[in-house]
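> Below: one structure in structure tokens.
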Amino acid sequence: MIKLATRVTKVPPSITLDIAAKAKAMKVQGIDICSLSAGEPDFDTPQHIKEAAKMALDRGKTKYGPASGEPKLRAAIAKKLQNDNKLDYAPENVIVTNGGKHSLFNLMLALIEAGDEVIIPAPYWLSYPEMVKLAEGTPVIVNTTEANDYKITPEQLRQAITTKTKLFVLNSPSNPTGMVYTTSEIKALAEIIIEHDLWVVSDEIYEKILYDGTEQISIGSLGSEIFKRTIISNGFAKSYSMTGWRIGYLAGPKELIKATSIIQSHSTSNVCTFAQYGAISALEESQDCVQEMLQAFTQRRTVILDKIRAIPHLSCPTPMGAFYVFVDISQTGMNSLEFSDKLLESQQVAVIPGIAFGADNCIRLSYATDLTTIEKGIDRLSQFVNSL
Ligand SMILES: *Cc1c(COP(=O)(O)O)cnc(C)c1O
């Protein structure tokens, strides 16, 4: 047996990637699978973004670049943060990373050490606690409830704070719940963060995927005191359907961004140079592609919600952002793994068990897939629940 580093033995592999792989393998075998497990948009990357990357290849953008990112991309991101999010960042406040996941990992390595506590509201995106553990910090999980739309309350945040608390993780719109915090809710959390002199990382990867006129507010835009304590994590994967490109970014105080760039310079170096030119085009050219994808998500959301709400024993809040529905299955008496396994076996529908997100009474359904799959999948889910 190999004596592995303790670091890695404390961390389980990603359940979402596991199930998606299992469903894909069944599909390859010719089994008629309905997968509602996707964690990525089903659209191809918009053509003009692909063209920009191809042109960059032809222009010889094939060499090492600065570890923190192409200057032109850092400038475009800084401008985007000013315009879209009312955040006053210069290019030096921005580092380009290998995706939003890498942004958060770099941040944990730069900010967190043994003894530090990081407050994470559950249901959470599954990598947050594991990243904290890999950085030798302690994740402090705060369970939210459906009754409160799966949002952490100011009282809950206050109660979770100790002298060791260093960072609070905010994800709005949320994966897996689709919830979006209102301005007043974010303001109330910001006041506590300032009062206790904590850091907050705001994962805004779903900021463009919003429904029914919902607005996304960046916590850092609420005043200079909270701005100083905010780090923004974002990327191109979800807004521009660029999951495989691996481009994300962090923005925050220069000293902190510099620290993450030191880590990056000794680990991954720069993000794929020509891919960064695709990202520049994503920011600088027409945003119509974002709206087109949003229109498709909006239509699918209506269909999936109507169908789920017709099934007895299931309940879910209305997602206001992202492309997931988080469904409470506790009335079936099963836990989330049992429910997901049996559903896959008996009806060939793939969903993600809530335990992956710290909520064993729920499952996550993704509507980042075509309407036919959604309709067929939810019909089968209905048959499954009715057969129990
Ligand atoms: C998808 C996702 C990310 C990051 O994705 P990348 O592909 O690494 O850019 C970060 N946070 C949440 C909540 C996500 O769902």
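> Just read off the accessible area of Asp341 with the full protein assembly in place, 1.4 Å probe, to the nearest 10 Å².
For Asp341, solvent-accessible area is about 70 Å².
> What is the packing order of peptides 182-193, 367-378, taking the mean over residues of other C-beta atoms within 10 Å and listing the highest first?
Result, highest mean first: 367-378, 182-193.
> Which value, in Å², gives the accessible area per residue of the chain when a 1.4 Å probe is used on the protein heavy atoms? Spell out each step's value before the answer.
Values: 16750 Å² over 388 residues.
Per-residue accessible area for the chain comes out at 43 Å².
> Same structure, new question: Contour minus end-to-end for Glu40 and Ser14, with contour as 0.36 nm per residue of separation and end-to-end as the Cα-Cα distance?
Roughly 7.9 nm would be gained on extension.
> Just to be sure I understand the model, the point goes 7 Å from the Cα along the line to the Cβ. What's the resulting Gln159 to Thr62 distance in nm?
Going by the 7 Å Cα→Cβ label model, 6.0 nm.
> While we're here: On full extension of the chain, what length is gained from Gln331 through Ala90, given 0.36 nm per residue of separation minus the C-alpha to C-alpha distance?
Fully extending the segment from Gln331 to Ala90 adds 81.7 nm.
> Continuing with this model, one more query. Based on the Cβ-Cβ distance of Leu388 and Gln29, what FRET efficiency does E = 1/(1 + (r/R0)^6) give at R0 = 30 Å, to the nearest 0.05?
Efficiency at R0 = 30 Å is approximately 0.65.
> Separate question: Checking understanding here: applying a Kyte-Doolittle mean of at least -1.0 and a length along the axis of at least 27 Å (C-alpha), which whole DSSP H helices in the chain pass?
Helices passing the filter in the chain: 288-309.
> If you add up the charges near Ser315, with Lys and Arg at +1 and Asp and Glu at -1, over every other residue whose beta carbon is less than 11 angstrom from its beta carbon, what do you get?
On the way: positive: Arg309; negative: Glu146, Asp328.
Neighbour charge sum, excluding Ser315 itself: -1.
> Label the range 137-232 by shape, choosing from rounded, prolate and oblate, from the square roots a ≥ b ≥ c of the eigenvalues of the Cα gyration tensor; if a/c is under 1.5 it is rounded, and otherwise prolate applies when a/b is larger than b/c, oblate when it is not.
It is oblate, given that a/c is not under 1.5 and a/b is not larger than b/c.
> Another one. Is the shape of the range 208-322 rounded, prolate or oblate, going by the alpha carbon gyration tensor and its root eigenvalues a ≥ b ≥ c, with a/c under 1.5 for rounded and a/b larger than b/c for prolate? Kindly include the intermediate steps, with their values, before the conclusion.
On the way: a/c = 2.25, a/b = 1.65, b/c = 1.37.
Prolate, since a/c reaches 1.5 and a/b exceeds b/c.
> While we're looking at this one, here's another question. Counting Lys +1, Arg +1, Asp -1, Glu -1, what net charge surrounds Ser218 among other residues with beta carbon under 10 Å of its beta carbon?
Local charge sum for Ser218: -2.
> Shape call for the range 63-284 from the C-alpha gyration tensor, a ≥ b ≥ c root eigenvalues: rounded (a/c under 1.5), prolate (a/b greater than b/c) or oblate?
Working: a/c = 1.68, a/b = 1.35, b/c = 1.24.
Taking the square roots of the gyration eigenvalues as a ≥ b ≥ c, the range 63-284 is prolate.
> Over the range 63-284, with every protein chain in place, what whole percent of the accessible area is carbon and sulfur at 1.4 Å, could you tell me? Provide the component values of the computation, followed by the final result.
Numbers: 4230 of 8390 Å².
Looking at the range 63-284 in its full context, I get 50 percent from C and S.
> Once you place label points 7 Å from the Cα toward the Cβ at Lys376 and Ala310, how far apart are they in nm?
Using points 7 Å along Cα→Cβ, the separation is 1.8 nm.
The values are calculated or read from the model by the stated rules, or taken from the named source; none is laboratory data. Model, not experiment: these values are computed from the prediction. Don't worry about glycine lacking a Cβ; one is built from the backbone with ideal geometry, like all the others, and counts go over all protein chains shown. Please note that ligands, DNA and RNA were not included when accessible areas were found on the heavy atoms of the full protein model with its side chains. Shrake-Rupley method; radii C 1.70, N 1.55, O 1.52, S 1.80 Å.
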